[in-house]
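Asks: One structure follows; several queries about it will come next.
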Amino acid sequence: MADNEQVMNATGEPLVIKPSDLDRDLGFGSVVSSRRNIRLLNRDGSFNVKVVNGPAWDHLISYHTLLTISWTKFYLLFGAGYLVLNAIFAGLYMLCGPDALTGPSIGTPFARSFFFSVDTFATIGYGNVSPGNVAANILVTLESMMGLLMFAIGTGLIFARFSRPTADILYSRFAVIGPYKNGIDAFKFRIVNRKQSQLVNVDAVVTHSRFEQGPTGLERKFFQLALERNRVVFFPLNWTVVHPIDEKSPLNGWTPDMLRAGEAEFYISLTAVDETFAQTVHSRSSYTMDDVKCGENYRMMYEAVDGEFVLDLDLLDKTEKAVGSRK
């Protein structure tokens, strides 16, 4: 954006940006933050941003993509690349002439070239088919080098995927606004660690945004919510993150209908240390008012059985009507 370009708000009027707002917009920027009917952060933690007109290669098989896609997609992509490369080399062998390969025929000429390419690429070398001229031998040299390089890259990627620590934290499908204590309500959501590895020193930061009427029209405001506790040292069970709606809370005096009209969104950022890898991991998610149940509380997820606690993940999303809620 040019320095002299005027930013307009949702009503088409000049948008006044205060310095404090720039510190609290979480990095989305004033233009994006002023747009209505748009969710800024998806439930899975991904940002609601689509990048276009960039290098297509980076979007398809970038290092980040190869590390973050699912194992199924990774193996499918690796297998497809393996078949395509061998098909390309098979076509190149056929271009080297009818005497490029010597040995028994295996179906069609393309089939013989393809399976010879597989033997060469994987350094198998059965010997039943062999290169028959100089061009084919040069091609074998190039393909063997590429095969060694590709398998080395594949091995490195698989190792990196296994060794990369990630946080596999489950968030409750719904957040709730229900009774807390001392006659007040609280905004709550529940999380649990799905992995067998332990997380320690788990920190939570919850930020709330909504549209409010400002001097120039509707403006999106950001508020960091004070939590009952923003850190747990150990995380062996579930953690219900609680923001008490007291007189100091940005939610004080706001009814569910008002929050819904203001397009309220709650952003969660979690940071923890993975005990297995001794490295910091991150997780994030968000809730809109469509994901919030009012006047309810969560059911207990665990119970003591034979001297140990049993955590039932099927109860993560289970809520029940709360007694005494003001919502």
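Asks: In the list 251, 225, 259, which residue meets the criterion of being touching a helix residue (DSSP H, G or I) at 6+ places or on another chain (Cβ under 6 Å) and buried (at least 19 other Cβ atoms within 10 Å of the Cβ)?
Replies: Numbers: 251 fails: touching a helix residue (DSSP H, G or I) at 6+ places or on another chain (Cβ under 6 Å); 225 fails: touching a helix residue (DSSP H, G or I) at 6+ places or on another chain (Cβ under 6 Å).
Going through 251, 225, 259 in turn, just one is touching a helix residue (DSSP H, G or I) at 6+ places or on another chain (Cβ under 6 Å) and buried (at least 19 other Cβ atoms within 10 Å of the Cβ): 259.
Asks: Looking at 246, 257, 290, which is the one that is among the acidic types (Asp, Glu) and in a loop (DSSP other than H, G, I, E, B)?
Replies: Testing whether each residue is among the acidic types (Asp, Glu) and in a loop (DSSP other than H, G, I, E, B) leaves just 246.
Asks: Go through (1) touching a strand residue (DSSP E or B) at 6+ places or on another chain (Cβ under 9 Å); (2) of a type outside the set (D, E, K, R); (3) not assigned by TED's automatic domain parsing to the domain that holds residue 293 and name the single condition residue 207 misses.
Replies: (3)
Asks: Can you tell me which of 54, 81 is at pLDDT below 90 and farther than 30 Å from residue 292 by Cβ?
Replies: 54
Asks: Residues that are assigned to a helix (DSSP H, G or I) and over 30 Å from residue 197 (Cβ atoms): does segment 60-77 have at least one?
Replies: Looking only at segment 60-77, we keep the residues that are assigned to a helix (DSSP H, G or I), and these are 60-61, 63-68, 71-77.
Cutting the leftovers down to over 30 Å from residue 197 (Cβ atoms) gives us 60.
There is at least one residue in segment 60-77 that is assigned to a helix (DSSP H, G or I) and over 30 Å from residue 197 (Cβ atoms).
Asks: Could you please tell me which pairs satisfy a Cβ distance under 8 Å, a separation of 6+ or placement on different chains, a first residue in segment 96-116 that is on the phi > 0 side of the Ramachandran plot and free of Cβ contacts under 8 Å to residues at least 40 places away in the same chain, and a second residue that is assigned to a loop (DSSP other than H, G, I, E, B) and of a type in the set (A, V, I, L, M)?
Replies: As it stands, the answer is 103/129, since those pairs meet every condition given.
Asks: Among the residues in segment 189-197, are any in contact with a His (Cβ under 7 Å, 6 or more places away or on another chain) and of a type outside the set (Lys, Arg)?
Replies: Here is the first cut: in segment 189-197, the residues in contact with a His (Cβ under 7 Å, 6 or more places away or on another chain) are none.
No: segment 189-197 contains no residue that is in contact with a His (Cβ under 7 Å, 6 or more places away or on another chain) and of a type outside the set (Lys, Arg).
Asks: Further question on the same structure: Go through segment 173-194 and give me each residue that's outside any strand (DSSP E or B) and either exposed (fewer than 15 other Cβ atoms within 10 Å of the Cβ) or in contact with a helix residue (DSSP H, G or I) (Cβ under 9 Å, 6 or more places away or on another chain) (or both).
Replies: Of everything in segment 173-194, those that are outside any strand (DSSP E or B) and either exposed (fewer than 15 other Cβ atoms within 10 Å of the Cβ) or in contact with a helix residue (DSSP H, G or I) (Cβ under 9 Å, 6 or more places away or on another chain) (or both) turn out to be 173, 174, 181, 182, 183, 184, 194.
Asks: Turning to a different aspect of this structure: Within segment 293-306, which residues are surrounded by fewer than 17 Cβ atoms within 10 Å (Cβ to Cβ), part of a strand (DSSP E or B) and not charged (D, E, K, R)?
Replies: Correct list: 302, 304, 305.
Asks: Can I ask one more? Identify all residues within segment 107-134 that are farther than 22 Å from residue 79 by Cα, surrounded by fewer than 16 Cβ atoms within 10 Å (Cβ to Cβ) and aliphatic (A, V, I, L, M); write none if there are none.
Replies: Passing the criteria: only 134.
Asks: Right, something else. Quick one: residue 167 ticks every box in (1) crowded, with 18+ Cβ neighbours inside 10 Å; (2) at pLDDT 90 or above; (3) in contact with an Asp or Glu (Cβ under 8 Å, 6 or more places away or on another chain) except a single one, so which number is it?
Replies: All conditions are met except number (2).
Asks: So is residue 232 farther than 30 Å from residue 260 by Cβ and outside any loop (DSSP other than H, G, I, E, B) or not?
Replies: Yes: the conditions hold for residue 232.
Asks: Going through 185, 168, 119 one at a time, which residue ends up being acidic (Asp, Glu) and more than 30 Å from residue 289 (Cα to Cα)?
Replies: Numbers: 185 fails: more than 30 Å from residue 289 (Cα to Cα); 168 fails: more than 30 Å from residue 289 (Cα to Cα).
Step by step, each of 185, 168, 119 is checked, and only 119 is acidic (Asp, Glu) and more than 30 Å from residue 289 (Cα to Cα).
Asks: For segment 195-218, check the following and say yes or no: at least one residue is at pLDDT 90 or above and of a type in the set (Ser, Thr, Tyr).
Replies: Among the residues of segment 195-218, at least one is at pLDDT 90 or above and of a type in the set (Ser, Thr, Tyr), which makes the answer yes.
Asks: Still on this model: Run down 232, 305, 310 and say which single residue is over 18 Å from residue 207 (Cα atoms) and at pLDDT 90 or above.
Replies: From the options 232, 305, 310, the qualifying one is 232.
Asks: Follow-up question, since we're still on this one. Among the residues of segment 275-285, is any in a strand (DSSP E or B), among the hydrophobic types (A, V, I, L, M, F, W, C) and crowded, with 21+ Cβ neighbours inside 10 Å?
Replies: No - not one qualifying residue is present in segment 275-285.
Asks: Quick test for you: out of 123, 141, pick the one residue that is in a helix (DSSP H, G or I), of a type in the set (Ser, Thr, Tyr) and free of Cβ contacts under 8 Å to residues at least 40 places away in the same chain.
Replies: Values: 123 fails: in a helix (DSSP H, G or I).
Result: 141 is the single residue among 123, 141 that is in a helix (DSSP H, G or I), of a type in the set (Ser, Thr, Tyr) and free of Cβ contacts under 8 Å to residues at least 40 places away in the same chain.
The values are calculated or read from the model by the stated rules, or taken from the named source; none is laboratory data. Keep in mind that this is a model prediction, so the values were computed, not measured. Note: ideal-geometry Cβ built from the backbone for every residue, glycine included; neighbour counts use all protein chains shown.
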